[in-house]
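Here is the structure we will look at, set down as structure tokens.
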Amino acid sequence: MEFDLSFAVSILPDLLRGAVVTFEATIAGFAVSLLGGLLLAVGRRSRLSRACTAYIEFMRNTPLLVQLYFIFYVLPLAGLTLGAMATGILALGLNYSAYIAEVYRAGIDGVPRGQWEACRSLGFSRWDSWTRIVLPQAIPPTVPVLGNYVIGMFKDTPLLATITIPEMFNAAMQVAGSTYRYNEPYTLVALIFLAMSYPASLLVRRLEGRFARR
């Protein structure tokens, strides 16, 4: 169980390249989830309410790993084939959109009912009511919670190693498999995750304090 510092330094570039892929997958997946969650939240207040609710419940009650395998291994049998990175981003986005939809829903429910009534009395269209009145009030208070979800998504990216995406955990597995040294690569991965997640959690905490004061 000795930790060889020189070996750790030698493999660090490989892990950092994997960290870049991890970061890219997180940002892209979170962008998909923000859009998907917003569509689901709005859809729950439309004729598509039951379909949106069913989707949210399904995604929230099945494991992300199973969803990832389904998109990567099962959908090609139906003729829909995606690359590994596209699959990972899509799976992360679709899974987290179900959770983020609930965050948006809470924000929308927090908008006073009088705002909706004012939109109707002023003759605003449904589109203008949502985009100009409701969402500008509903989304800002949800920012700290959304920050927690992006951190959670970042920590879920090691699952992408199961479909051969060369992210950070995959890079550590390759090093461990080729050298039979496990202490250094997995310790470094944990430290890199901590170094990237902890500042983000501090930022989210500051945002929570700022919105609480408001």
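Read-outs: derived from the displayed coordinates by stated rules, not from any lab. On a predicted model such as this, the values are computed, not experimentally measured, just so you know. Neighbour counts are summed over all protein chains in view; Cβ atoms, including those assigned to glycine, are modelled from backbone coordinates with ideal geometry.
Residues are listed down the side, and each one gets a yes or a no for (1) without any contact (Cβ under 8 Å) to a residue 24 or more places away in the chain; (2) among the aliphatic types (A, V, I, L, M):
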site	(1), (2)
108	no, yes
116	yes, no
122	yes, yes
126	yes, no
134	no, yes
142	no, no
146	no, yes
151	no, yes
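For residue 210, the conditions (1) under 15 Å from the mean Cα position of the chain (by Cα); (2) over 25 Å from residue 95 (Cα atoms) are fulfilled apart from (1).
With respect to (1) within 15 Å of residue 15 (Cα to Cα); (2) not in a helix (DSSP H, G or I), the lone exception for residue 192 is condition (2).
If I go through the stretch 9-32 residue by residue, how many of them are surrounded by fewer than 18 Cβ atoms within 10 Å (Cβ to Cβ) and touching a helix residue (DSSP H, G or I) at 6+ places or on another chain (Cβ under 6 Å)?
2
Of the residues making up the stretch 80-108, not one is charged (D, E, K, R) and within 19 Å of residue 155 (Cβ to Cβ). Restricting the search to helices (runs of 4 or more DSSP H) fully inside the stretch 78-171 and requiring at least 3 residues that are crowded, with 18+ Cβ neighbours inside 10 Å gives 84-109, 143-156.
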